[in-house]
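The structure appears below as structure tokens.
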Amino acid sequence: MNDKNNKIDLLDMTRLPEHVAIIMDGNGRWARRRAMMRSEGHAEGVNSVNRITRLSSDLGIKYLTLYAFSTENWKRPQTEVDALMHLIGWTIRKETPDLVKNNVKIHLLGEIDRLPESVRADLEAGRHATAGCTGLNLMICLSYSSRWELTNAARKIAEKVKNSELAPSQITEETIASELSTSGIPDPDLLIRTGGEHRISNFLLWQCAYSELYFTPVLWPDFDNEAFIDALIDFQNRERRFGMTSDQVSVGDKTEPTDIDSTLAQI
Ligand code: IPE
Ligand code: IPE
Ligand code: MG
């Protein structure tokens, strides 16, 4: 507890990321190392979800996006998929009262229609119950993949062009961003992947164009408050340049350029 408090003291509360995205990986290996079933690793991973959601909310982080089940994860053995689906429904039912109490709003990203009906109903109930919450925005990615999302966006834009609602020359980066499931949400400042792999696995490919990436060998069920604070401290030691030079970004007190003319004038 003391350690945790000491670590929190190292955080600059004025420079926290606005949006943290997490690839929660390593549940299976956590279980295997204990001769447990993979599904038990997933169940243990839920404790990490609750812990990190709570800490993000307490710190005042505005957006937390969690990769809970990918499009590719449907290819896993049916027993594991079933166990995961059951766990997702059970967790959302159990946690919704606490989420409401902590003012956390649930958003769902992904092809939710592919989930079993009872799980969809649990998720909808959770979303409905937290719709008025104004604190942390908790984005849960289920049956999500970035290529699915980008393909969908391309289809929607093509429809608009076909219906003469949009000319091809009017398609901008904003047009594409507005057709993604993250429309209206700022891009992640920090992307964390637990479990030791150094890959993105089809997650937020568009949105993470300028995110800071943080990879840790810690398996998701072991990812505790201290491990999360370590990631935030690491983030605060990065220099985000957005294509500019170090001198340019250190002149202002903002990390992202908003007025390129005044920045250039200072070179
Ligand atoms: C992440 O843990 C959870 C999901 C993908 C649903 P894994 O189940 O991928 O765990 P490992 O990578 O096999 O250890
Ligand atoms: C990524 O983990 C997906 C989620 C955490 C939901 P995976 O374990 O599915 O990723 P790969 O297959 O190792 O790339
Ligand atoms: Mg994995």
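The values are calculated or read from the model by the stated rules, or taken from the named source; none is laboratory data. The structure presented is a predicted model; accordingly, all values stated were derived computationally and were not measured. Virtual Cβ from ideal backbone geometry, glycine too; neighbours counted across all protein chains shown. In case anyone asks, the SASA skips ligands and DNA or RNA and just uses the protein heavy atoms, side chains included. Shrake-Rupley method; radii C 1.70, N 1.55, O 1.52, S 1.80 Å.
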Sole exception among (1) over 13 Å from the mean Cα position of the chain (by Cα); (2) in a loop (DSSP other than H, G, I, E, B); (3) not acidic (Asp, Glu) for Lys156, by number
(2)
Provide a single number: the residues in segment 1-29 that are more than 22 Å from Gly89 (Cα to Cα) and either away from ligand 1 (no atom under 11 Å from the Cβ) or in contact with an Asp or Glu (Cβ under 9 Å, 6 or more places away or on another chain) (or both).
20
If I ask for residues that are assigned to a helix (DSSP H, G or I), at pLDDT below 60 and not charged (D, E, K, R), which ones from segment 225-267 would you list?
Ile260, Ser262, Thr263, Leu264, Ala265
I'd like the full set of residues that are open to solvent by less than 20 Å² (accessible area, probe 1.4 Å), more than 16 Å from ligand 3 (Cβ to nearest atom) and under 30 Å from Leu232 (Cβ atoms), limited to segment 60-91.
Ile61, Leu64, Thr65
For residues in segment 200-218 being within 14 Å of ligand 3 (Cβ to nearest atom) and closer than 23 Å to Asn152 by Cα, which is least open to solvent (accessible area, probe 1.4 Å)?
Phe203
Return the only residue of Lys101, Lys105, Lys62, Lys94 being touching a residue at least 40 places away in the same chain (Cβ under 8 Å), away from ligand 1 (no atom under 16 Å from the Cβ) and basic (Lys, Arg).
Lys62
Residue by residue through segment 30-57, note down the ones that are open to solvent by 90 Å² or more (accessible area, probe 1.4 Å), within 15 Å of ligand 1 (Cβ to nearest atom) and over 15 Å from Leu84 (Cα atoms).
Arg32, Arg33, Arg34, Ala35
Residue that is in contact (Cβ under 8 Å) with a residue 40 or more places away in the chain and open to solvent by less than 60 Å² (accessible area, probe 1.4 Å), where the choices are Ile112, Ile157, Ile185, Ile176:
Ile185
Lone unmet requirement of (1) under 17 Å from the mean Cα position of the chain (by Cα); (2) under 10 Å from Pro221 (Cα atoms) for Thr65:
(2)
Here are the criteria: (1) open to solvent by 50 Å² or more (accessible area, probe 1.4 Å); (2) within 16 Å of ligand 1 (Cβ to nearest atom); (3) among the small types (Gly, Ala, Ser). Tell me which single one Gly196 does not satisfy.
(1)
